[in-house]
């Protein structure tokens, strides 16, 4: 540095002096208003996030579609003129069972091989699958955050938790899912339990990494010096950072859980047939694929399933992109 | 390097041991009719107890565990009870594995050959029509449960292309659909990550410098961006190969491919506990081996990873 100042720069500054004279400069007027102006930006994280998100037209469209679909799924049984999903429909005149009826004005999605209304079955099944999805996502968030925050914030736990994570993370999730469902009798709660068992791992690790990064930032240090209780630091200073991540995980966990339910049903470990679910509908519809005229029994549930899962996937990713400050230009 | 390998290997062995033990203990909770087969209903309580005791299932768990590990070291996975009574499981697996391995390797090769160029292609035309189409493919494959699209592929592709619906060993045309179905998910994964990593690399300063120096775009892509983007993918390849090679559970049972994946579904449905246990343990070990190989490969390929610990680094 010293050398730099002694050597070449001297020559340069001499040279500059030759070229510049005071005549080239004038004093600026003192402007009080300009002096008072402070650098100020109206940047707001959430506003920018939503602005970027709403620029993505596909995602917004799917969000509206999905919201309408969810609303409809949950109010459908309360609408007038709906049949119960498990009711076996008989012809009122002849008393014969109306099985394998093609879609018509009476039965919009047709009936299945034992005469149940597929329209009601599909919505009831979507309800079941969504309840599974939401429960799994919610418990993942709750367990993931609790474990992640403890893991990241409590230093003495870090070592043992990391070791535990390394073991648990190595168990293939599909295998564990199969194993738990095989050991326990299939029902709503066992399926949800099997899915919750390891799904929170990813979330916990992510939260832990984020917390380790931000826990020692100056503002947290300041909070601690001012005597803010730990739970308040965690709730007010740390968690708001993680909202976007939670949203992304929720949005991807729901389709994953719905897909896992279909998978478990397929290998024979799913819900009993008496509970309509998308997995059950697709599994029974599978048998109808051979008969061209009965394919509607697979196609309707498959379309509803695909719309739900694809929407969640795209919305989740669009939101994660929007929540990334790198995209907030 | 050698020290790192040794350490990583020791860690893998330890993990494997812990996981096998956990899974073994969990499996003790399996429904007991799975050990007795069809005759379960006809037996009296005393008969059941006698058989279960004879099988060693009434021993304390540590004793069972010790016996399991001794058998395992002798290459003995136990015998099947219901699926094929009294046939050693290792024999059944040895019979089923080759088909799964062949098909898995084929599918893996296919997804590498299609997925990586697809990702490069999508980056090249970023935000253009090829990119959007590629993204649509990725989203569909990733978001829709594979059970659904495998079913539709099987039904409609066999109809339109006149391909056989079920697998027959000597018939090449019956390999096409299962292999393609098996490769779809990995293809999408490769395309997605290849694109993401390449876009990340393209935004880095060294690429801008290369551009400023006047290096040709194709040279930047081929010499700098592609290798740097490919390295993070390398880590995942071994586990993908191993798990694909052991057979996709769906695809194999859909097309009745006589492989490992279909076998797992079969024995679950028939509740053959001994077989379920053996297969679950095989799959668990494979995924651990896959992660180990991935880490080793990553260490070899990425010069930024050093094997000596630096002071102060966490």
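The values are calculated or read from the model by the stated rules, or taken from the named source; none is laboratory data. Because the structure is predicted, anything quoted here is derived from the model rather than measured. FYI the Cβ positions are ideal-geometry reconstructions off the backbone, even for glycines, and counts take in every protein chain you see.
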Check your understanding: Is it the case that residue A:290 is facing another protein chain (nearest Cβ under 9 Å), part of a loop (DSSP other than H, G, I, E, B), modelled with pLDDT under 90 and surrounded by fewer than 20 Cβ atoms within 10 Å (Cβ to Cβ)?
Key -> yes
Review point. Can you name the residue in region A:181-219 that is surrounded by 20 or more Cβ atoms within 10 Å (Cβ to Cβ) and more than 21 Å from the chain's Cα centre (by Cα) and, of all such residues, is nearest to the other protein chains (Cβ to nearest Cβ)?
Key: A:182
Review point. Which number in (1) facing chain B (nearest Cβ under 10 Å); (2) closer than 30 Å to residue A:114 by Cβ; (3) within 22 Å of the chain's Cα centre (by Cα) marks the one condition that residue A:304 misses?
Key: (1)
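For (1) under 15 Å from residue A:264 (Cα atoms); (2) modelled with pLDDT of 80 or more; (3) assigned to a helix (DSSP H, G or I), each residue gets a yes or a no:
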site	(1), (2), (3)
A:157	no, yes, yes
A:161	no, yes, yes
A:165	no, yes, yes
A:178	yes, yes, yes
A:182	yes, yes, yes
A:185	yes, no, no
A:189	yes, yes, yes
A:192	yes, yes, yes
A:198	no, no, yes
Check your understanding: Does residue B:35 satisfy the condition of being surrounded by 14 or more Cβ atoms within 10 Å (Cβ to Cβ), closer than 20 Å to residue A:183 by Cα, modelled with pLDDT of 75 or more and touching a helix residue (DSSP H, G or I) at 6+ places or on another chain (Cβ under 6 Å)?
Key -> no
**Study point:** Residues of region B:203-255 satisfying the condition of being within 14 Å of chain A (Cβ to nearest Cβ) and farther than 16 Å from residue B:186 by Cβ
**Key:** B:203, B:204, B:253, B:254, B:255
Exercise for review: Test residue B:119 against the criterion of being within 30 Å of residue A:318 (Cα to Cα) and either away from chain A (no Cβ under 14 Å) or surrounded by fewer than 17 Cβ atoms within 10 Å (Cβ to Cβ) (or both), and give yes or no.
Suggested key: yes
**Study point:** So residue A:160, is it within 12 Å of chain B (Cβ to nearest Cβ), surrounded by fewer than 18 Cβ atoms within 10 Å (Cβ to Cβ) and more than 30 Å from residue A:278 (Cβ to Cβ)
**Key:** no
Review point. If you take the residues in region B:74-92 that are modelled with pLDDT under 80 and closer than 14 Å to residue B:282 by Cα, which one is surrounded by the fewest Cβ atoms within 10 Å (Cβ to Cβ)?
Key: B:75
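Scanning for something in contact (Cβ under 8 Å) with a residue 60 or more places away in the chain, at the interface with chain A (Cβ under 10 Å from one of its Cβ atoms), surrounded by 20 or more Cβ atoms within 10 Å (Cβ to Cβ) and out of contact with any strand residue (DSSP E or B) (no Cβ under 8 Å at 6 or more places or on another chain), does region B:292-305 turn up at least one residue?
Scanning region B:292-305, I find at least one residue that is in contact (Cβ under 8 Å) with a residue 60 or more places away in the chain, at the interface with chain A (Cβ under 10 Å from one of its Cβ atoms), surrounded by 20 or more Cβ atoms within 10 Å (Cβ to Cβ) and out of contact with any strand residue (DSSP E or B) (no Cβ under 8 Å at 6 or more places or on another chain), so the answer is yes.
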Practice item. Could you run through region A:235-244 and say how many residues are within 13 Å of the chain's Cα centre (by Cα) and surrounded by fewer than 19 Cβ atoms within 10 Å (Cβ to Cβ)? Key: 1
Check your understanding: Looking at (1) closer than 28 Å to residue A:173 by Cβ; (2) touching a residue at least 40 places away in the same chain (Cβ under 8 Å); (3) surrounded by 19 or more Cβ atoms within 10 Å (Cβ to Cβ), can you tell me which one residue A:307 breaks?
Key -> (3)
Check your understanding: Applying the selection to region A:246-268, what residues are more than 12 Å from every other protein chain (Cβ to nearest Cβ) and either assigned to a loop (DSSP other than H, G, I, E, B) or buried (at least 23 other Cβ atoms within 10 Å of the Cβ) (or both)?
Key -> A:249, A:253
Review point. Which of (1) more than 12 Å from every other protein chain (Cβ to nearest Cβ); (2) without any contact (Cβ under 8 Å) to a residue 24 or more places away in the chain does residue A:166 not meet, given it meets every other one?
Key: (1)
**Study point:** Options B:20, B:9; residue that is under 27 Å from the mean Cα position of the chain (by Cα) and over 28 Å from residue B:257 (Cβ atoms)
**Key:** B:9
Revision key, fill the gap. The residue that is nearest to residue A:317 (Cα to Cα), considering only those in region A:53-88 that are more than 19 Å from the chain's Cα centre (by Cα) and in a helix (DSSP H, G or I), is A:55
Check your understanding: Regarding residue A:271, is this residue more than 9 Å from chain B (Cβ to nearest Cβ), closer than 22 Å to residue A:83 by Cβ, modelled with pLDDT of 85 or more and surrounded by 24 or more Cβ atoms within 10 Å (Cβ to Cβ)?
Key -> no
Practice item. Could you list all residues from region B:140-153 that are assigned to a helix (DSSP H, G or I), crowded, with 18+ Cβ neighbours inside 10 Å and facing another protein chain (nearest Cβ under 8 Å)? Key: B:142, B:143, B:146, B:147, B:148, B:151
Review point. If you take just the helices (runs of 4 or more DSSP H) that sit entirely in region B:165-253, which of them hold at least 3 residues that are within 30 Å of residue B:268 (Cβ to Cβ)?
Key: B:173-202, B:237-245
Practice item. For residues that are surrounded by fewer than 17 Cβ atoms within 10 Å (Cβ to Cβ) and farther than 15 Å from residue B:287 by Cβ, scanning just region B:18-28, find the one that is nearest to the other protein chains (Cβ to nearest Cβ). Key: B:26
Study note, to complete from the structure: Filtering helices (runs of 4 or more DSSP H) wholly in region B:21-139 for at least 2 residues that are free of Cβ contacts under 8 Å to residues at least 12 places away in the same chain gives B:45-54, B:61-73, B:89-124
Check your understanding: Residue check, residue A:117 against (1) surrounded by 19 or more Cβ atoms within 10 Å (Cβ to Cβ); (2) touching a helix residue (DSSP H, G or I) at 6+ places or on another chain (Cβ under 6 Å), all met but one. Which one?
Key -> (2)
Check your understanding: Are any residues in region B:262-285 closer than 14 Å to residue A:268 by Cα and assigned to a helix (DSSP H, G or I), and if so, which ones?
Key -> B:262, B:263, B:264, B:265, B:266, B:267, B:268, B:269, B:276
